[in-house]
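No value in this document is a laboratory result; all are computed from the given coordinates. Just so it is clear, the structure is predicted and the values come from calculations on it, not from any experiment. Glycine gets a Cβ as well: all are built from the backbone with ideal geometry, and neighbour counts include every protein chain shown.
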Amino acid sequence: MALRPADGAGIAAAADRLRSGGLVAFPTETVYGLGADATDDRAVARIFAAKGRPRFNPLIVHAPDLAAHRAWAVFDERALRLAEAFWPGALTLVLPRTPDAPVSRLVSAGLDSVAVRAPDHPVAQALMRAAGCPVAAPSANRFGRLSPTEARHVAASLGGAVEIVLDGGPCSGGLESTVLSLTGETPVLLRPGLVTHESIEEIIGPVQTAGAGSAVDAPPEAPLESPGMLAAHYAPRARLRLGAGDALEEGEALLAFGDAPVAGPAGTAGYAAVRNLSPAGDLTEAAANLFRMLHELDALAPAAIAVSAIPEDGLGAAINDRLRRAAHRA
Ligand code: TXA
Ligand code: MG
C-alpha cells in the first residue's frame with residue numbers, strides 16, 4: 001500500500017490504478033471511500049473481498065454530476081429536484097437502473113436499483129474526472145467496523161488490500177451520506193446522514209423512515225430492500241454505554257457532548273480518557289468528530305466507552321443512529 005498526498009501526481013497515479021482494475025482509497029466530504037471502476041465486475045468484486053463485506057449489501061456509484069449518473073440511473077421529477085438541491089453533496093439516491101446500465105450488476109447486489117451520489121470534495125471530483133469511469137465506493141473500513149475519516153484510519157484497517165490511499169486530510173463532514181430510496185411511490189429514508197430528513201422534506205414533501213425497527217440481524221435469503229440497516233455496525237472494539245448520565249464506571253472512557261459535568265467513579269483517579277464531541281453542543285461539529293474520537297478512545301482499550309446523551313433533532317438523528325449500531329452486540 002502507498003499512502004500518497006492527494007496532489008496532481010497522486011491523483012493521476014490513483015486514476016491509473018482505477019482504470020486498470022485496482023482499488024484506491026480517497027477522501028470525500030463524508031468519509032473515506034474504497035473505490036473501484038464501477039463498470040468492471042472483477043474490480044467491484046475485489047471491494048467486497050477487501051472489506052469482508054457480504055455480497056448482499058450493494059454499493060454506491062459515485063460520479064461527478066447528474067449528467068454522468070443519468071447513464072445508469074433513472075431520475076424522476078423528485079430525484080431531479082433533490083440532485084439539483086443537494087449535489088454535489090452528501091445525499092445518495094437509490095433509483096431504478098436504466099435498461100442496459102453500464103455499471104456492474106454487483107454494485108446492485110441483485111436489486112433492480114442503483115445508489116448514486118456526486119461527492120462534494122475536490123480530490124474525489126478530480127479523481128473521478130481523471131479516471132473517466134464511475135467509481136463504486138463503500139466506506140473504506142473492514143465490514144462492520146468504524147468508518148474512516150482520516151487516511152491513517154484506512155491504512156490501519158485496509159492497508160494490505162488497497163494499492164493507493166490518497167491523503168486529503170480529515171473529512172469535513174465525518175458521517176456517511178444520507179441514503180434515500182425513490183424506487184417506490186413514497187420516498188424512504190434508508191440511512192440518516194449528513195443531509196437531514198427535514199431538509200429533504202422541504203424539497204419533496206413527506207419522507208418515510210426505514211427506522212430502527214427495520215434493522216435486521218441475519219443475512220437474508222433474498223436481497224434486502226435496505227441492506228445497510230444491519231443492527232450491529234460501525235463497531236469499535238470497546239463496549240459502548242449510551243446515554244451515560246452524570247457518573248461513570250471504573251475504567252470507562254467518556255465521549256461527552258456539551259458542557260454537562262461528568263464525574264469519574266468515586267475513589268479512583270477517574271475515567272480512562274475523555275473526548276468531547278462538541279463542548280458548545282453543536283451537532284455539525286459533533287458529526288465531524290464522531291468517528292475520529294471513537295477511533296481514538298477505542299485505541300486506548302478502555303473497559304467501555306460511555307457516551308453522553310445527544311439530542312435527536314437535525315444531525316443528531318444520524319449521530320444517534322451510528323451510536324446505536326455501534327453499541328449493538330449481535
Ligand atoms: O458517505 C457515503 O455514503 C460513503 C462515501 C464513500 O460516499 N459511502 C458509504 O458506502 O457509506 P457504504 O457502502 O458504507 O454504505 C452504502 C449504503 C449501505 O447501507 C447500502 O446498503 C446502501 O447504501 N445501498 C447501496 N445501494 C443500495 C441499493 N441499490 N438499494 C438500497 N440500499 C443501497
Ligand atoms: Mg460503511
Task: Spin-label pair Arg81/Asp282, simplified geometry with 7 Å Cα→Cβ offset, distance in nm - done: 3.2 nm
Task: Alpha-carbon Rg with Dmax, taken over the chain, Å - done: 19.5, 68
- [ ] Convert 37 °C to kelvin, take the viscosity as 0.692 mPa s, use the Kirkwood radius over C-alpha pairs of region 89-179 as Rh, and evaluate the Stokes-Einstein diffusion coefficient in µm²/s, rounded to a whole number.
- [x] 223 µm²/s
Task: Mean projected area in nm² (Cα convex hull; one quarter of hull surface) for region 240-327 - done: 5.0 nm²
Task: Nitroxide proxy distance, nm - points 7 Å out along Cα→Cβ at Glu202 and Phe56 - done: 3.8 nm
Open item on the list: Please compute the length gained on full extension between Leu242 and Arg129, using 0.36 nm multiplied by the number of residues separating them and subtracting their Cα-Cα distance.
Closed with: 36.5 nm
TODO: Could you check the simple spin-label distance between Asp7 and Arg275, using points 7 Å along Cα→Cβ, in nm with one decimal?
DONE: 3.0 nm
